[in-house]
Amino acid sequence: MNNINMGALVLAAGKGTRMNSANPKVLQEVLGEPILSYVYAALNPIFNDKIWTIVGHQAELVTRAFPDRSDRFVLQEQQLGTGHALQTAWPALLEAGLSHVLVVSGDIPLITTAHLETFIEAMGRTDAPLGFISMTLPRSGAYGMVLREKNKVVDIIEAKDYSPAIHGEDTGEINTGIYLINVAKIGDLLPQLSNRNKSGEFYITELISLAARAGMEVVGARTGDLNLLGVNTPGELVRTEEMLRRATVEKWLERGAALHYPDMLVIGPRAEINLSAHIYGPCHLLGDTRVEAGAIIESNCVLKDSVVGEGARVRSFSHLEQAVLGAGTIAGPYARLRPGAVLDEGAKIGNFVEMKKAVLRKGAKVNHLSYIGDAEVGAGANIGAGTITCNYDGVNKHRTEIGAGAFIGSNSALVAPVKIGSNALVAAGSVITKDVPPDTLAFGRAQQKNREKNNPLNSDLI
Ligand code: UD1
Ligand code: MG
């Protein structure tokens, strides 16, 4: 299509009542990403910044989830239907000087750029001012059913309004909710939408019958691809997610990734996996996760927005979120790395260790049962079992700094803010409230006394 200024409008204001959820439908997640992000991913290569989004129900939640699109949100205060949504966005589309607008429901996570390109090309081969993508199911179910007369599209009848006596047999041809609209030609029809239907809503689909009656050609571009089904119920959401999960795992296997027990792997669309890494299911690799060369992720791990460096190993049952494991590091089994946890090369954390906003420098070790938060642990330091950085005083968070080569004895509490110098030694069971200079032994616990069992002075000790 030449000489056109095309933009896109995403309909994302609806309640999504059938999802049985307090959250907006378009923020429901598929493989860890909101449904709406898949729609944007499909639109971006074609429309760049010319994408508007209609928001309404819990609009703040939706806009907050996509801060870089803030200037392109249009608020539909009352959600009076998909047609009303288009009416609400119309002034913004006119102001942008669009000649054509692609309207798409925000609830189609499997939509791709290729689907849209095929549709736009098909429309370009006609003069039709209005078209939509249709597909054929065994039955039209809860979708809008396409009515044709002599193969020409004349109407879309919503499931609630469908009556076999009036509309004839169920053809199974349904509307996917993706439309291409010529702004100049369809603009006049927009105010004519009515809400005389079972839902009492203004339907965008009424534009089809209005255009057909005005003698305009309406294209129902058929696709055989079931991936264009909108998600309306929890069942549809999880089935869609499963389709995408399989497809994503299959894509990585085709590329040559070593994914063991692939049926139990969940890999998000943004995850990156080096082909020499080995990943064992069940595991979740979500968000911006990157697994580098030769890394191993054992079974039952959840990784979100995290990096696993070259040759690093994440042992079973570990949980990583916004964490960075450097080359040759080891975490787990049962390690919990919260946002800001960083292991430099060769560092190690063992079972039941939790880290948050904390760095372990080269070769440092925290092998058992510890909490390390708001801390820096110097190179080669060894943190004994049960060590706790007491970072929170009930109001503020404070930092703990542990120097290179320090040794913290088991079951020590380091009450932040506190600094332990390099090569210092903290005796087991200490409560450290003051800085410890380098190369110093700190002993922060009551001294042990041994007495005969029947010594009358023993009552002092109890
Ligand atoms: C819609 C179509 C139906 C089609 C189906 C495909 C209408 C009337 N029907 O039905 O023909 O087969 O999609 O999935 O359009 N929305 C708003 N504002 C509103 C109402 C809805 O922005 O006032 C948004 C919703 O957030 C959603 C989209 O529009 O993303 C579609 O709404 P939904 O309620 O899912 O319509 P369906 O009943 O699925
Ligand atoms: Mg829908």
On the basis of being in a loop (DSSP other than H, G, I, E, B) and assigned by TED's automatic domain parsing to the domain that holds GLU201, does GLY141 make the cut? yes
Given (1) under 30 Å from ARG125 (Cα atoms); (2) in contact (Cβ under 8 Å) with a residue 60 or more places away in the chain; (3) outside any helix (DSSP H, G or I), index of the condition GLY14 fails: (1)
Kindly establish whether LEU229 is within 30 Å of THR126 (Cβ to Cβ) and surrounded by 18 or more Cβ atoms within 10 Å (Cβ to Cβ). yes
Have a look at ILE120, ILE156, ILE208 and point out the one that is part of a helix (DSSP H, G or I), in contact with a strand residue (DSSP E or B) (Cβ under 6 Å, 6 or more places away or on another chain) and either within 16 Å of ligand 2 (Cβ to nearest atom) or closer than 28 Å to GLU236 by Cβ (or both). ILE208
Within the range 211-240, work out how many residues are assigned to a helix (DSSP H, G or I) and within 21 Å of THR118 (Cβ to Cβ). 4
Filter the range 386-427 for residues that are of a type in the set (S, T, N, Q) and not in a loop (DSSP other than H, G, I, E, B); which is surrounded by the most Cβ atoms within 10 Å (Cβ to Cβ)? THR389
Go through the range 91-138 and count every residue that is within 16 Å of ligand 1 (Cβ to nearest atom) and surrounded by 18 or more Cβ atoms within 10 Å (Cβ to Cβ). 21
When you scan the range 81-93, do you find a residue that is within 16 Å of ligand 2 (Cβ to nearest atom), in a loop (DSSP other than H, G, I, E, B) and at positive phi, even just one? yes
So for the range 246-263 (the condition being touching a residue at least 60 places away in the same chain (Cβ under 8 Å), open to solvent by 20 Å² or more (accessible area, probe 1.4 Å) and either within 32 Å of the chain's Cα centre (by Cα) or within 16 Å of ligand 2 (Cβ to nearest atom) (or both)), does at least one residue qualify? no
VAL366 open to solvent by 10 Å² or more (accessible area, probe 1.4 Å) and assigned to a strand (DSSP E or B): no
With (1) in a helix (DSSP H, G or I); (2) of a type in the set (A, V, I, L, M); (3) under 23 Å from GLY309 (Cβ atoms) as the list, and MET243 as the residue in question, which single condition is left unmet? (3)
Selection count, the range 37-65, where residues are under 17 Å from ALA13 (Cα atoms), in contact with a helix residue (DSSP H, G or I) (Cβ under 7 Å, 6 or more places away or on another chain) and surrounded by fewer than 19 Cβ atoms within 10 Å (Cβ to Cβ): 3
Could you say whether any residue in the range 177-192 is within 30 Å of ALA65 (Cα to Cα), modelled with pLDDT of 95 or more, assigned to a loop (DSSP other than H, G, I, E, B) and within 16 Å of ligand 2 (Cβ to nearest atom)? no
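The values are calculated or read from the model by the stated rules, or taken from the named source; none is laboratory data. Worth saying up front: this structure is predicted, and the values here are computed from it rather than measured. Cβ atoms come from the backbone with ideal geometry, glycine included; neighbour counts cover every protein chain shown. What goes into the accessible areas is simple: the full protein's heavy atoms, side chains included, and nothing from ligands, DNA or RNA. Shrake-Rupley method; radii C 1.70, N 1.55, O 1.52, S 1.80 Å.
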